[in-house]
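Engineer: Just passing along the structure, written as structure tokens.
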Amino acid sequence: MSVRDLIPWARNNGDQLPTLLRNGDLDPFLSLHREVNRLFDDVFRGFDTRLPAFGRLDASGAGWPRVEISDNDKEIKVTAEVPGLAEKDVEVFLSEGVLTLKGEKRSETEDKERQFSERFYGQFERRIPVGLEVEEDKVSARFKNGVLTVSLPKTAKAQTQAKRIEVKS
């Protein structure tokens, strides 16, 4: 490909209006600038720039560890799958209505022994907003078979604030 292929109009036909200028712009450099921006937008549209734990994206683009959140009248329950980790490798913090799950997954083998791996290793941190209406002194966490479960009891005020709204057709 040569530079001549990038020019949007024919060199041998001087009376032909350049294709970049057909949209009403009188400045060819402004038109070229817009076309290059459009090209880059089209190319990078499929990439997700968010980087979850371990600096990689999984197939869905979500972070690691995977969580499940349930909310009922009395408590919020957060369950996280952290396979391959021990209880000592995971830390749980609650500060200003944000639950933080933090830890590190270490490799069992040396890099020189590993020829191919699709497993994730390294530090992770997942922040989950749960609101300020949680009794912080009664929060509990359990770890069993690679599943971390955090129970966050709601305050009495939060339990009475929920109001059911009738949906009409």
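The values are calculated or read from the model by the stated rules, or taken from the named source; none is laboratory data. All values reported here derive from a predicted model rather than from experimental measurement. As a convention, Cβ positions derive from the backbone with ideal geometry for all residues, glycine included, and neighbour counts pool all protein chains shown. These accessible areas exclude ligands, DNA and RNA; they are computed on the full protein's heavy atoms, side chains included. Shrake-Rupley method; radii C 1.70, N 1.55, O 1.52, S 1.80 Å.
Engineer: Given a cut-off of 23 Å, name the pairs among 77/168; 88/144; 77/157; 74/102; 74/163 whose C-alpha atoms lie farther apart than that in the structure shown. Please list the in-between numbers first.
Structural biologist: Working: 77/168 30 Å; 88/144 12 Å; 77/157 18 Å; 74/102 25 Å; 74/163 14 Å.
Distance filter (> 23 Å) returns 77/168; 74/102.
Engineer: Heavy atoms only, 1.4 Å probe, whole protein assembly: order 130, 82 by accessible area, highest first. Don't jump to the answer; show the numbers that get you there.
Structural biologist: Details: 130 25, 82 0 Å².
Correct descending sequence by accessible area is 130, 82.
Engineer: Residue 137: accessible area at probe 1.4 Å, nearest 10 Å²?
Structural biologist: For residue 137, the solvent-accessible surface is approximately 130 Å².
Engineer: Could I ask something else about it? Using a simple spin-label model with points 7 Å from Cα along the Cα→Cβ vector, what separation in nm is obtained for residue 147 and residue 77?
Structural biologist: Each label point lies 7 Å from its Cα, and together they span 0.9 nm.
Engineer: Using a 1.4 angstrom probe with every protein chain in place, what is the largest-first accessible-area order of 169, 95, 31? Let's see the in-between values first.
Structural biologist: Details: 169 165, 95 70, 31 5 Å².
The most accessible residue leads, giving 169, 95, 31.
Engineer: Going by amide H atoms built from the backbone, whose H comes under 5 Å of the H on residue 76, apart from near neighbours?
Structural biologist: Long-range HN contacts for residue 76: 152, 154.
Engineer: Just to make sure I understand: if all protein chains stay in place, what is the order of 124, 29, 93 by accessible area at 1.4 Å, largest first? Walk me through the numbers before you get to the answer.
Structural biologist: Values: 124 10, 29 155, 93 95 Å².
Listed by decreasing accessible area, they come as 29, 93, 124.
Engineer: Another one. If r is the Cβ-Cβ distance from residue 160 to residue 140 and R0 is 22 Å, what FRET efficiency results, to the nearest 0.05?
Structural biologist: Working: r = 22 Å, r/R0 = 1.02.
Computed FRET efficiency for residue 160 and residue 140: 0.45.
Engineer: Just to verify a number: what accessible area does residue 132 come out at with the full protein assembly present, 1.4 Å probe, Å² rounded to tens?
Structural biologist: 130 Å²
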